[in-house]
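Shown next, in structure tokens, is the structure this report addresses.
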Amino acid sequence: MKEWWNRLVLRQKFAAVGTGALFVLLLVWLAIHTQSQQVTDGRAWIREQAAKDPAELTSVLAQKRTAELKQAYSEGKISYSALLPDYAMIGDSRAAALAGYQILDGDRDIAVIGTDCQDI
């Protein structure tokens, strides 16, 4: 490699170094331009979201979360009780069976076997 470099004329050496430097500058410019475009796209998306009605955004996000939970449940990644994060089961033996069979979390199952509607 050293012999090859020594055989080159000064003009050829400058051309080789210049080509390498140009290539590095091109890569740097491409990286900066790509990042700049991503930032511009991100800012445009934020402005678009900020212009929307908060109630509409909340509804869209809730629907998206529900769809994600249903898919995770159908794939067996989460349990049935994860679909109901805020619940308390009050009832009789049927409600108690849900905790007994570990369908729902027993900490939130306030059920008594032998109870009827008047006792609840």
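Exactly one of these conditions fails for residue 63: (1) under 30 Å from residue 111 (Cβ atoms); (2) modelled with pLDDT of 90 or more. Give me its number. Of (1) under 30 Å from residue 111 (Cβ atoms); (2) modelled with pLDDT of 90 or more, only one is false for residue 63: (1).
In the set (1) modelled with pLDDT of 80 or more; (2) within 25 Å of residue 63 (Cα to Cα), the condition left unmet by residue 100 is number (2). When residue 5 is tested against the conditions (1) part of a helix (DSSP H, G or I); (2) modelled with pLDDT of 75 or more, the lone failure is (2).
Take the conditions (1) surrounded by 10 or more Cβ atoms within 10 Å (Cβ to Cβ); (2) in contact with an Asp or Glu (Cβ under 8 Å, 6 or more places away or on another chain); (3) at pLDDT below 80; (4) of a type outside the set (Phe, Trp, Tyr); residue 113 misses just one of them, which is (3). Are any of the residues in region 48-68 assigned to a loop (DSSP other than H, G, I, E, B), closer than 30 Å to residue 99 by Cα and β-branched (Val, Ile, Thr)? Checking region 48-68: not a single residue is assigned to a loop (DSSP other than H, G, I, E, B), closer than 30 Å to residue 99 by Cα and β-branched (Val, Ile, Thr).
Is there a residue being exposed (fewer than 14 other Cβ atoms within 10 Å of the Cβ), of a type outside the set (S, T, N, Q) and farther than 30 Å from residue 49 by Cβ anywhere in region 59-70? Even if it seems obvious, please write down each step before you answer.
Step one: list which residues in region 59-70 are exposed (fewer than 14 other Cβ atoms within 10 Å of the Cβ), which gives 59-68, 70.
Pick out the ones that are also of a type outside the set (S, T, N, Q) and you get 60-62, 64-65, 67-68, 70.
If we keep only those that are farther than 30 Å from residue 49 by Cβ too, we end up with none.
Looking for residues that are exposed (fewer than 14 other Cβ atoms within 10 Å of the Cβ), of a type outside the set (S, T, N, Q) and farther than 30 Å from residue 49 by Cβ, one finds none in region 59-70, hence no.
Taking each residue of region 81-92 that is over 11 Å from residue 69 (Cβ atoms) and looking for partners that are of a type in the set (Ser, Thr, Tyr) and surrounded by 12 or more Cβ atoms within 10 Å (Cβ to Cβ) with beta-carbon atoms closer than 7 Å, six or more apart or interchain, yields 92/115.
The values are calculated or read from the model by the stated rules, or taken from the named source; none is laboratory data. Note that this is a predicted model, so its numbers are computed, not measured. Using ideal geometry, Cβ is built from the backbone for each residue, glycine included, and neighbour counts are taken over all protein chains shown.
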